[in-house]
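One structure is given here, and the rest of the page talks about it.
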Amino acid sequence: MSLEELGRSAAADLWADTERTLDVEARLRDLRRDRTRGRVGWIVAAAAAAAIVLIVVTAPWPRRQALPATPRPPARVEWLVFQNGRSGLSVVGGSLPTLTAKIKSDVPTPMAFSPDGSTLAFSAGGVLNLLDVTTGADRKLGPCRQPSCPVAWSPDSKQLVTASPHGLVRVPVNGGPASAVALPAGWSVTGLHVNAAGLVALTGIAEGEGAVMTVELSGEHPEVIFKWRHYSLGDPRWSQDGTHFSYLRWREKQWNPDAAGAISVDSIRADGQDLHQVAQVGTCYCTSDLRPWMDVSPSGRLVVSTLDPERRVLVEVSQDGHLTTMVPATAAGPPGESGPVAWRSQPTGTGP
């Protein structure tokens with residue numbers, strides 16, 4: 001083909017394209033065709049979606065894959081029990097008639113309810129005792145290993161944990177031999193509490209100074225968390241999540257003979273971080289027998305049996321340090337005849 005013919009052919013093609021571009025009617029036909037295709041596509045998609053919904057709605061119930069409902073924890077009721085000298089135990093927030101006539105003593109008696117709320121453990125007269133909350137029956141579990149004789153429960157309510165001059169003692173509540181848990185030399189224990197993971201928070205003395213410590217129930221990984229010089233410490237209590245614990249701190253008269261010493265609630269993480277004072281809850285000329293006591297409920301309510309100049313007062317301490325008097329001094333009894341407190345918690349409707 002000659003160059004002249006090629007030129008004529010290219011010119012013809014260009015003119016044809018130009019006519020198509022300028023042909024308004026042709027362009028409108030193309031636009032209508034595109035819109036029709038789009039409309040059909042949307043109709044098909046909507047019909048498919050409607051079919052899927054119809055299948056889901058009309059399918060038999062066993063075929064449906066519903067997400068499982070998140071179980072709600074059962075509602076719980078809590079009672080606060082405190083030792084009220086020769087009047088026996090007193091109850092705040094309810095009635096526990098099987099307990100009110102128990103532990104009529106002018107000697108402070110450490111006590112703790114089992115995690116399931118069925119049994120109260122206490123030490124009195126150098127003996128570990130168990131008291132059935134439902135029947136009021138009590139039985140002796142064995143001797144205390146040291147005069148202070150703090151008591152705590154294992155997470156499964158099957159063992160009572162107490163202290164000895166050389167460590168801890170685990171005592172099965174349904175019979176069987178006790179087992180010793182050795183602690184490092186120089187440790188002595190005044191208070192203890194076990195969290196759900198089996199880690200024991202301790203207060204007492206380490207290397208001659210007041211200290212907070214931790215150790216596993218097996219005796220592994222003993223650790224001094226913090227030391228307090230010239231302070232007495234007691235009643236460690238774990239938080240609900242088991243990551244930190246609170247404890248009481250006060251100066252005994254031997255360290256501060258000329259003035260009443262402050263009573264404080266402190267908090268510290270299990271790794272030794274975030275040490276801080278939650279609140280100051282009173283003052284006292286404290287001794288080994290005349291001292292404050294504390295307990296924390298499973299829901300996190302913290303109560304201190306503290307002291308004013310003449311009588312005891314039960315004070316609830318909020319997380320931000322606010323104090324609320326639960327039992328005034330006129331009802332709580334003389335300081336030397338009362339003291340220890342214990343929270344009892346149980347699912348609603350499961351018993352007394």
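The values are calculated or read from the model by the stated rules, or taken from the named source; none is laboratory data. Given the structure is predicted, the values throughout are model-derived calculations rather than measurements. Here the Cβ positions follow ideal geometry from the backbone for every residue, glycine too, while neighbour counts run over all protein chains shown. When the accessible area is computed, the model is the full protein with side chains, heavy atoms only, and any ligands, DNA or RNA have been set aside. Shrake-Rupley method; radii C 1.70, N 1.55, O 1.52, S 1.80 Å.
The figures follow:
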read-out	value
Matching residues, the range 199-222, being without any contact (Cβ under 8 Å) to a residue 40 or more places away in the chain and on the phi < 0 side of the Ramachandran plot	Leu202, Ile205, Ala206, Glu209, Gly210, Ala211, Met213, Glu216, Ser218, Glu220, Pro222
Scope the range 274-286; condition crowded, with 19+ Cβ neighbours inside 10 Å and touching a helix residue (DSSP H, G or I) at 6+ places or on another chain (Cβ under 9 Å); matching residues	Cys284, Cys286
Conditions (1) out of contact with any Gly (no Cβ under 6 Å at 6 or more places or on another chain); (2) over 20 Å from Met326 (Cβ atoms); (3) modelled with pLDDT under 75: number failed by Ala101	(1)
Top-ranked residue in the range 314-333 [being out of contact with any Lys or Arg (no Cβ under 8 Å at 6 or more places or on another chain), open to solvent by 20 Å² or more (accessible area, probe 1.4 Å) and part of a strand (DSSP E or B); ranked as modelled with the lowest pLDDT]	Met326
Residue, farthest from Arg344 (Cα to Cα), within the range 77-103, restricted to residues that are assigned to a loop (DSSP other than H, G, I, E, B) and in contact with a Phe, Trp or Tyr (Cβ under 8 Å, 6 or more places away or on another chain)	Ile103
Leading residue by the ranking (modelled with the lowest pLDDT) among those in the range 104-141 that are among the hydroxyl-bearing types (Ser, Thr, Tyr) and part of a loop (DSSP other than H, G, I, E, B)	Ser105
Answer from Val161, Val133, Val181, Val169 - the residue that is in contact (Cβ under 8 Å) with a residue 12 or more places away in the chain and closer than 13 Å to Pro222 by Cα	Val181
Residue count, the range 220-243 (criterion: at pLDDT 95 or above and either within 19 Å of His166 (Cα to Cα) or surrounded by 20 or more Cβ atoms within 10 Å (Cβ to Cβ) (or both))	12
Only one of Asp271, Asp289 that is open to solvent by 20 Å² or more (accessible area, probe 1.4 Å), over 20 Å from Ser148 (Cα atoms) and part of a loop (DSSP other than H, G, I, E, B)	Asp271
Number of positions in the range 144-167 that are assigned to a loop (DSSP other than H, G, I, E, B) and either farther than 24 Å from Arg291 by Cα or under 19 Å from the mean Cα position of the chain (by Cα) (or both)	5
Among residues of the range 168-183, those that are surrounded by fewer than 14 Cβ atoms within 10 Å (Cβ to Cβ) and assigned to a loop (DSSP other than H, G, I, E, B), counted	4
